[in-house]
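S.K.: Structure below; questions to follow.
A short reminder: the numbers here are calculations on the coordinates, not readings from a lab. These numbers were taken from a predicted model, which means no experiment stands behind them. No Cβ is skipped: glycine too gets one built from the backbone with ideal geometry, and neighbour counts run over all protein chains shown.
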Amino acid sequence: MKAADVSYLSEMLRRRAGLSIANAKSRLIETRLAPVMRRFGFKDAGALVAELRNGHDALARAVTEAMTINESSFFRDRAGFARFQETILPDILRHRERTRRLRIWCAACASGQEAYSIAMILQDMKLRAGGWTIDIVATDISSEMIARAEQGLYSHFEVQRGLPIRRLVENFTQEGAGWRIGESLRRMVTFRQFNLLDSYGWLEDIDAVFCCNVLIYFDNKTKAGVLDRMAEVLGPDGYLILGPVETANGHSSEFVPAKDMPGVFVKARRVPLRAAV
Amino acid sequence: MKSCLVVDDSRVVRKVTCRIVADLGFSTSEAEDGVTALEACRGHMPDVILLDWSMPNMTGIEFLRALRRERDGERPVVVFCTTENDIAHITEALGAGANEYIMKPFDRGIIEAKLAEVGLV
């Protein structure tokens with residue numbers, strides 16, 4: 001790809017999705033664009049970028065979706081899910097004992113494995129039988145990913161990464177060569193296409209935001225904006241759960257690290273008990 | 001170093017699987033059917049057994065039931081590694097004392113994920 005085309009693409013992705021591809025190699029970009037080129041009938045990336053310059057919105061949307069990273073697996077970051085189950089969730093439940101309402105947001109859910117992993121944990125706890133209302137809201141910038149997540153149909157390879165065999169047997173049904181998530185888990189999650197740069201007005205009083213391995217693709221300004229807005233929709237006792245090696249430090253003054261939990265943050269204005277000292 | 005016994009009647013599958021688990025830091029040994037595997041376990045009980053289902057002489061499930069009756073036979077982690085990919089077979093394996101289940105075809109990532117699942121990597 002020509003440097004000018006990479007530069008145009010880079011600026012467009014930064015503007016549309018906050019994505020930073022400044023260090024990406026041209027070949028990697030072309031590999032990711034290949035399905036879009038086939039779909040829209042372009043013979044090379046140069047022709048595709050030329051059409052983007054003409055303001056082709058559907059193409060720009062498809063390119064943006066293609067350039068986002070959609071890697072996901074069930075119970076990815078095993079230690080992080082264990083901390084969520086053993087420490088974070090009990091704390092949230094204590095704070096929500098009166099309202100018995102739990103609201104979790106997976107901010108970049110890709111094909112849905114993270115959201116369904118959370119649903120499995122919550123289903124194990126039989127909270128609904130105890131009168132709890134549970135909302136798991138799962139969003140992704142890619143409408144294609146959201147459609148996949150809603151289907152809840154996973155390949156033989158996808159269900160073997162991170163998912164214990166007992167959970168597969170208990171929570172999925174076999175369908176052709178794939179495995180479909182059970183209806184009760186499916187109903188626990190609401191999927192919605194959403195760009196993290198857009199307004200968060202429809203989200204409120206969230207107890208935990210999962211935003212794992214997403215911020216690393218944003219430039220610093222975008223990171224700060226996203227974190228500040230997440231703080232606004234997170235309840236006072238809520239948790240922000242990033243990837244284990246990610247941090248909000250230096251990007252937002254709204255969060256401080258939770259004690260002994262890598263990648264987990266609480267609101268800075270919260271009582272200091274649970275913040276690292 | 002943890003030890004892994006790979007039980008499969010396909011020489012190619014044994015070779016590929018042994019290479020993957022060796023890369024993950026295990027010492028490896030092989031058996032081509034359940035009878036040979038049981039003899040191997042009587043000599044040295046491995047930490048983990050990757051076990052095919054359909055084999056001549058003694059199938060994987062017969063081997064597993066016999067293994068669990070052996071002295072110290074409860075100790076090895078047993079991970080089925082098979083083309084028998086339906087829920088009925090998986091349920092039967094778990095009922096017989098299997099710890100995990102890998103559906104073929106598999107790759108290095110799946111073996112690593114499953115061994116992590118049982119706390120061995």
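S.K.: Putting +1 on Lys and Arg Cβ atoms and -1 on Asp and Glu Cβ atoms, find which of A:Ala45, A:Ser26, A:Trp179 reaches farthest to the positive end of the dipole of chain A.
M.R.: A:Trp179
S.K.: For A:Ser253 and B:Asn85, FRET efficiency with R0 = 45 Å and r from the beta-carbon atoms, rounded to 0.05? Display every interim value, and only then the final one.
M.R.: On the way: r = 51 Å, r/R0 = 1.14.
Calculated value: 0.30.
S.K.: Give me the mean projected area, in nm² to one decimal, of the convex hull enclosing the Cα positions of the range A:67-221.
M.R.: Values: hull surface 39.3 nm².
Average projection, Cα convex hull of the range A:67-221: 9.8 nm².
S.K.: Moving on to the next point. Treat each spin label as a single point 7 Å out from the Cα along the C-beta direction, and report the A:Arg101 to A:Phe40 distance in nm.
M.R.: Each label point lies 7 Å from its Cα, and together they span 4.2 nm.
S.K.: Where does each of A:Lys126, A:Lys221, B:Lys104 land when they are ranked from fewest to most other beta-carbon atoms within 10 angstrom? Each step should come with its number before you reach the end.
M.R.: Values: A:Lys126 9, A:Lys221 12, B:Lys104 16.
Fewest to most other Cβ atoms nearby, the residues stand as A:Lys126, A:Lys221, B:Lys104.
S.K.: What is the sum of charges around B:Val78, taking Lys and Arg as +1, Asp and Glu as -1, for the other residues whose C-beta is under 15 Å from the C-beta of B:Val78? Working shown, then result.
M.R.: Numbers: positive: A:Arg166, B:Lys2, B:Arg65, B:Arg68, B:Arg69, B:Arg75, B:Lys114; negative: B:Asp8, B:Asp47, B:Asp52, B:Glu62, B:Glu70, B:Asp72, B:Glu74, B:Glu84, B:Glu92, B:Glu100, B:Glu117.
Counting the neighbours of B:Val78, the net charge comes to -4.
S.K.: Determine the calculated [θ] at 222 nm for chain B from helices alone, applying -39500 (n - 2.57) to every DSSP H run no shorter than 4 residues and normalising by the residue count; nearest 500 deg cm²/dmol.
M.R.: Values: 5 runs with 52 residues, N = 121.
Per the formula, -13000 deg cm²/dmol.
S.K.: Which of the GluC sites (Glu not before Pro) found in the range A:200-268 are in a DSSP loop and have at most 12 neighbouring Cβ atoms, other than their own, within 10 Å?
M.R.: Numbers: sites: A:Glu204, A:Glu232, A:Glu246, A:Glu254; in loops: A:Glu204, A:Glu246, A:Glu254.
Qualifying residues, ordered by number: A:Glu204.
S.K.: Give, as ranges by residue number, the residues of the range A:1-24 whose backbone N falls under 13 Å from the point 7 Å along Cα→Cβ of A:Arg53.
M.R.: A:2-9
S.K.: Tell me, how many Å apart are the Cα centres for the range A:210-253 and for the range A:131-173?
M.R.: The range A:210-253 and the range A:131-173 have Cα centres separated by 24 Å.
S.K.: A follow-up question, please. Just name one of A:Ala138, A:Pro90, A:Met230: the one whose Cα is farthest towards the positive end of the charge dipole of the protein assembly as shown (beta-carbon charges, Lys/Arg +1, Asp/Glu -1).
M.R.: A:Met230
S.K.: Loop only per DSSP, at most 15 neighbouring Cβ atoms within 10 Å: give me the trypsin sites (Lys or Arg not before Pro) in the range A:5-52, ordered by residue number. Display every interim value, and only then the final one.
M.R.: Working: sites: A:Arg14, A:Arg15, A:Arg16, A:Lys25, A:Arg27, A:Arg32, A:Arg38, A:Arg39, A:Lys43; in loops: A:Lys25, A:Lys43.
Sparse-neighbourhood loop trypsin sites (Lys or Arg not before Pro): A:Lys25, A:Lys43.
S.K.: Based on other C-beta atoms within 10 Å, arrange A:Asp135, B:Asp8 from fewest to most. The partial results should precede the final answer.
M.R.: Numbers: A:Asp135 14, B:Asp8 27.
Ascending Cβ contact count within 10 Å gives the list A:Asp135, B:Asp8.
S.K.: While we're looking at this one, here's another question. Under a point-charge model restricted to the Cβ atoms of Lys and Arg (+1) and Asp and Glu (-1), what is the dipole moment magnitude of chain B relative to its Cα centre, in debye to the nearest 20? Let's see the in-between values first.
M.R.: Numbers: 14 positive and 20 negative charges, 56 e Å.
Around 260 debye, computed over chain B.
S.K.: Using only helices, what value at 222 nm comes out for chain A when you add -39,500 (n - 2.57) per DSSP H run of length 4 or more and divide by the total residues, to the nearest 500 deg cm²/dmol? Walk me through the numbers on the way to the answer.
M.R.: On the way: 11 runs with 111 residues, N = 277.
When only DSSP H runs of four or more count, the value is -12000 deg cm²/dmol.
S.K.: Average partner chain C-beta neighbours within 10 Å, per residue of B:84-92?
M.R.: On the way: counts 0, 4, 1, 6, 1, 0, 5, 3, 0.
Average per residue, whole number: 2.
S.K.: Roughly how many whole Å is it from the C-alpha centroid of the range B:1-31 to that of the range B:57-121?
M.R.: Comparing the Cα centres of the range B:1-31 and the range B:57-121, I get a distance of 14 Å.
S.K.: Figure the gain on full extension for A:Arg27 and A:Ala79 (residue separation times 0.36 nm, minus the Cα-Cα span) and round it to one decimal in nm.
M.R.: Working: separation 52, 0.36 × 52 = 18.72 nm, distance 3.45 nm.
Contour length minus Cα-Cα distance gives 15.3 nm.
S.K.: With unit charges on the beta carbons (Lys and Arg positive, Asp and Glu negative) and the dipole taken about the Cα centre of chain A, which residue among A:Ala107, A:Met12, A:Ile241 sits farthest to the positive side?
M.R.: Of A:Ala107, A:Met12, A:Ile241, it is A:Ile241.
S.K.: I would also like to ask the following. Rank by packing, highest mean first: peptides A:139-146, B:81-88, with packing defined as the count of other Cβ atoms within 10 Å averaged across residues.
M.R.: Working: A:139-146: 21.6, B:81-88: 15.9.
Packing proxy ranking, top to bottom: A:139-146, B:81-88.
S.K.: Roughly how big is the range A:81-211's charge dipole about its Cα centre, with Cβ charges of +1 (Lys, Arg) and -1 (Asp, Glu), in debye to the nearest 20? Mind dumping the intermediate values first?
M.R.: Working: 17 positive and 17 negative charges, 91 e Å.
With Lys and Arg at +1 and Asp and Glu at -1, about 440 debye.
S.K.: Could you compute the longest span of chain B free of trypsin sites (Lys or Arg not before Pro) located in DSSP loops and having at most 15 other Cβ atoms within 10 Å, not counting the site residues? Display every interim value, and only then the final one.
M.R.: Working: sites that count: B:Lys2, B:Arg71.
The longest such stretch corresponds to B:3-70.
S.K.: Neighbouring Cβ atoms within 10 Å as the yardstick, rank A:Val189, B:Val35, B:Val77 fewest first.
M.R.: Values: A:Val189 24, B:Val35 16, B:Val77 20.
Lowest to highest Cβ neighbour count: B:Val35, B:Val77, A:Val189.
S.K.: For a label point 7 angstrom out from the Cα of A:Glu150 toward its Cβ, which stretches of the range A:189-205 have the backbone nitrogen within less than 16 Å?
M.R.: Residues passing the 16 Å test: A:189-195.
S.K.: Then there's this: Take the alpha carbon gyration tensor of chain B, find the square roots of its eigenvalues, order them as a ≥ b ≥ c, and report rounded if a/c is under 1.5; if not, report prolate when a/b exceeds b/c, else oblate. Before the final figure, lay out each step's value.
M.R.: On the way: a/c = 1.25, a/b = 1.08, b/c = 1.16.
In terms of gyration-tensor shape, rounded.
S.K.: Placing +1 at every Lys and Arg Cβ and -1 at every Asp and Glu Cβ, with all other atoms neutral, what dipole size does chain A have around its Cα centre, in debye to the nearest 20? Kindly include the intermediate steps, with their values, before the conclusion.
M.R.: Working: 39 positive and 33 negative charges, 36 e Å.
Once rounded to the nearest 20, the dipole reads 180 debye.
S.K.: If each Cα of chain A is one equal point scatterer, what is log10 of I(q)/I(0) from the Debye formula at q = 0.09, 0.13 Å⁻¹?
M.R.: Taken in order of the listed q values, log10 I(q)/I(0) reads -0.45, -0.91.
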